[in-house]
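Written below as structure tokens is the structure these notes are about.
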Amino acid sequence: MTVPASTAAPAAAPTLAGFEDAAQTLRGIITRTPLEESQHLSDVLGVPVHLKLENLQRTGSFKIRGAAYRLSRLTAEERARGVVAASAGNHAQGVALAAQQLGIPATIFMPLGVPVPKLLATRGYGAEVILEGATVETPLRLAAEYAARTGAVLIPPFDHPDIVLGQGTLGLELFDELPDLDTIVVGIGGGGLIAGVAAAVKLRAAAVGRRVRVIGVQAENSAAFPPSLTAGRPLEVQTRPTIADGIAVARPGDLTFELVREFVDDVVTVSEDDIARAILAMLERAKQVVEPAGAAGVAAILAGKVTGTGPTVSILSGGNIDPLLLQRVVAHGLAASGRYMSLRIPLPDRPGQLARVSELLAQAGANVIEVLHTRHGQGLQISEVILQLSVETRGEEHRALVIETLERAGFAPTVVPD
């Protein structure tokens, strides 16, 4: 959807000087991450496409920018009281590392199911981690209660002016590194990253008489911004499970909503399959490990949700993906790209049937990865067996050819959903 024009200035509107001060403060704390051109995405979009490798940032995510700047603004008295935050991963690591560098005690509440690598990294940065609750809502409540009880400063993940200014330093880097920048594509959760990047870039561009387009991307299973922008106010939506848990936020922040409405040109959504395909593309084509939320911009480009009007940047906002999830996502991405499928084929229980199926698959050029041959299962006749195969294919056309080859030979294959 195209973002409606705002009729009023955003609350606590940031300034270019504010972003530049944040960039100066963060010098030496954060990494100035690389900007690399992607020939594959350039071919898809028809214009030069670059990847901002924020997955290579310290802690593996852009979150260190906002967290470090927010903590740097605390008074000596506030630092002595310590900080507290709630997060399922990236914000936790950003706050923990920033607190360690500044000598500030940090307590982080995380849900029980947090991926082990994120838990260990947060503890490794010196924070006290408290695990509680099945979802991040419980840690959020507990962190607020802890702040009220102890006086620790609560560090929000996105809806604070200092957080927005810190995240916006990424936008200044983009403008400096790619002077003819035309479009930025970036994932949206609560809106802190896109609010900061869009405001910083557009203020910098306006200062030199230029315009830059900013497009936000949400997972369609957790897309609070489109209905909120239509309604003209932040709305809470019912989210559904998504692999892009880093941008699964049910309600935009009050501040970030106003900034998105003011500075962002368009917001689009992508499916779970789109995101899985994007992660796979980044692994194969860019040699980058990217978490689902960090691949949202690439997903939008590959899904045709973005039009090419000039040099474009997709921000790979994070790379903190659990290895077990990565394994599942890659398999899902292969299936979504027509390069992998599981088939269930009923066979008469007599010799030679497995060999016949194998011969047909070889003729069709499909590579068999896994085979399960069983006489047990619901609905099977005594004289039947089930053959379940996982095969590698070369795309949708080849996948259809494999199925057609089996059907012409009298078999009745069923594709098993991924």
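For this structure, a couple of remarks:
- Within the stretch 135-144, being open to solvent by less than 50 Å² (accessible area, probe 1.4 Å), in a helix (DSSP H, G or I) and out of contact with any Asp or Glu (no Cβ under 8 Å at 6 or more places or on another chain) holds for Ala143, Ala144.
- Test: residue in the stretch 145-164 that is polar (S, T, N, Q), closer than 26 Å to Ala278 by Cα and open to solvent by 50 Å² or more (accessible area, probe 1.4 Å): no
- Count of the stretch 281-302 residues which are open to solvent by 10 Å² or more (accessible area, probe 1.4 Å), under 15 Å from Arg328 (Cβ atoms) and outside any loop (DSSP other than H, G, I, E, B): 1
- Being under 23 Å from Ile275 (Cβ atoms) and open to solvent by 40 Å² or more (accessible area, probe 1.4 Å) holds for only one residue in Arg211, Arg240, Arg233, and it is Arg240.
- Residue under evaluation Val249, criteria (1) assigned to a loop (DSSP other than H, G, I, E, B); (2) over 18 Å from the mean Cα position of the chain (by Cα); (3) surrounded by 24 or more Cβ atoms within 10 Å (Cβ to Cβ), criterion not met: (2)
- Filter result for the condition that a residue is closer than 21 Å to Val290 by Cβ, in a helix (DSSP H, G or I) and either of a type outside the set (Val, Ile, Thr) or without any contact (Cβ under 8 Å) to a residue 24 or more places away in the chain (or both), over Leu170, Leu203: Leu170
- Cβ pairs under 6 Å, 6+ apart, first in the stretch 401-418 and within 20 Å of Glu370 (Cβ to Cβ), second open to solvent by 40 Å² or more (accessible area, probe 1.4 Å): Thr414/Arg344; Val416/Arg344; Asp418/His332
- Only one of Val371, Val385 that is outside any helix (DSSP H, G or I), without any contact (Cβ under 8 Å) to a residue 40 or more places away in the chain and more than 38 Å from the chain's Cα centre (by Cα): Val385
- Counted residues, the stretch 293-306 - those being out of contact with any Leu (no Cβ under 6 Å at 6 or more places or on another chain) and closer than 16 Å to Gln57 by Cα: 2
- Exclusive hit being in a loop (DSSP other than H, G, I, E, B), touching a helix residue (DSSP H, G or I) at 6+ places or on another chain (Cβ under 7 Å), surrounded by fewer than 17 Cβ atoms within 10 Å (Cβ to Cβ) and modelled with pLDDT under 95, set Gly338, Gly308: Gly338
- Residue pairs meeting the criteria (Cβ under 6 Å; at least 6 apart or on separate chains; first closer than 18 Å to Ile243 by Cβ, in the stretch 215-227; second assigned to a helix (DSSP H, G or I) and open to solvent by less than 10 Å² (accessible area, probe 1.4 Å)): Val217/Ala296; Val217/Gly297; Val217/Ala300; Gln218/Phe225
- Just one residue in the set Arg356, Arg399 is out of contact with any strand residue (DSSP E or B) (no Cβ under 7 Å at 6 or more places or on another chain) and either in a helix (DSSP H, G or I) or within 26 Å of Glu220 (Cα to Cα) (or both); that residue is Arg356.
- Residue within the stretch 118-134 that is over 21 Å from Ile321 (Cβ atoms), of a type outside the set (S, T, N, Q) and in contact (Cβ under 8 Å) with a residue 40 or more places away in the chain present: no
The values are calculated or read from the model by the stated rules, or taken from the named source; none is laboratory data. This structure is a prediction, so every number in the text was calculated from the model and none was measured. Methodologically, a virtual Cβ is constructed for each residue, glycine included, from the backbone with ideal geometry; neighbour enumeration extends over all protein chains shown. Quick note on the areas: whole protein, heavy atoms, side chains included, nothing else; ligands and nucleic acids left out. Shrake-Rupley method; radii C 1.70, N 1.55, O 1.52, S 1.80 Å.
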